[in-house]
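**Student:** Please see the structure below; I have some questions.
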Amino acid sequence: SGVLEIVFGLLLIPESTRPMAAWLVIALLIAVFPANMQMAINFYQKQKPTLWIAILRLPLQLVLIYWAWIYTKK
């Protein structure tokens, strides 16, 4: 997913590809959300000290989705 994040991010630069790239970013963020949920659950079960980071990622993804959505308009 990291490679896709870079590619989609680069596609956000030109105005001609910006709306399509923003939708791709949104789709990617939605696709990886279950994995981030699972990571938070795993960290909780294993009582990892970095659980707070895994939990913080969840609402942050909603902010990133909104931020990308702003760029779906031409």
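**Student:** Picking from 31, 40, which residue would you name as being out of contact with any helix residue (DSSP H, G or I) (no Cβ under 8 Å at 6 or more places or on another chain) and without any contact (Cβ under 8 Å) to a residue 40 or more places away in the chain? Let's see the steps before the verdict.
**Tutor:** Working: 40 fails: out of contact with any helix residue (DSSP H, G or I) (no Cβ under 8 Å at 6 or more places or on another chain).
Just one listed residue meets the conditions, 31.
**Student:** Report, by residue number, each residue of the range 55-74 that is farther than 16 Å from residue 9 by Cβ and in contact (Cβ under 8 Å) with a residue 24 or more places away in the chain.
**Tutor:** Passing the criteria: 58, 73, 74.
No value in this document is a laboratory result; all are computed from the given coordinates. On a predicted model such as this, the values are computed, not experimentally measured, just so you know. Cβ coordinates were reconstructed from backbone atoms using ideal geometry, including for glycine residues, and neighbour counts include every protein chain displayed.
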